[in-house]
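Below is one structure, written out as C-alpha cells, with a few remarks after it.
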Amino acid sequence: MRLTQGAFSFLPDLTDAQITAQVQYCLDHHWSVSLEYTDDPHPRNTYWEMWGPPMFDLIDTSVFIEQLAACRAAWPGHYIRVAAFDSTKGWESVRTSFIVQRPAVEVSFRVERRNGPGRSISYSLRANPAKTLDG
C-alpha cells in the first residue's frame, strides 16, 4: 500500500525531470518551495522536519535539485516531500505538496471501528505490519 498524501500521490513516483517541472511551475507562480522529510508518515503527522530553510529567493531549479539530492543522500530511508508556499495576501498557505521519495518499505494503516454503549462508535488508526513496495 502506498502512502497517499499530497498531490500526485496516486501516480507512479515522479522522475527528477517531472519534479523539476513541478518546481518550475511553483516558481513561475512566485511560490516559495521547501523540502521536508520524515520517517513517521502517519496522516496526523503534518509537521515534517525541514531540510534547511524555505527557498524564498530560489530562481533556478538546478539549485533545488542539488538540495533534493543532498536530502536524499542524508535520509535514504525516509519520505521526502516538496511544499510550495504562496505568501500573497488572501492565501498565505501551502498551495501544493507532493512526495518525491519513499522508503523501500512503506507502513500502511487500517481503521478499527469500536461500538460502544448507547450506539456510540469510535475509530482509531493502527499501523499494519510493514510490507515492501512490491508486495
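Residue-normalised convex hull volume from the C-alpha trace of the range 34-110: 100 Å³ per residue. Per the Debye calculation on the range 29-77 with a single equal scatterer at every Cα and no solvent contribution, log₁₀ I(q)/I(0) for q = 0.15, 0.27 Å⁻¹ amounts to -0.45, -1.07. At a 1.4 Å probe, what is the % contribution of carbon and sulfur to the accessible area of the chain? Of the solvent-accessible surface of the chain, carbon and sulfur hold 56 percent. Would you give the gap between the C-alpha center of the range 94-113 and the C-alpha center of the range 1-60, rounded to a whole Å? That distance is 13 Å. Taken over the chain, the alpha-carbon convex hull comes to 137 cubic angstrom per residue.
In this structure the chain gives 64 Å² per residue of accessible area when probed at 1.4 Å with all protein chains present.
Only Cα sites of the range 1-49 enter the Debye sum here, all with the same form factor; the resulting log10 I(q)/I(0) across q = 0.16, 0.24, 0.26 1/Å is -0.59, -1.12, -1.17, listed in q order.
The values are calculated or read from the model by the stated rules, or taken from the named source; none is laboratory data. Since this is a predicted model, take the numbers as computed values, not measurements. Please note that ligands, DNA and RNA were not included when accessible areas were found on the heavy atoms of the full protein model with its side chains. Shrake-Rupley method; radii C 1.70, N 1.55, O 1.52, S 1.80 Å.
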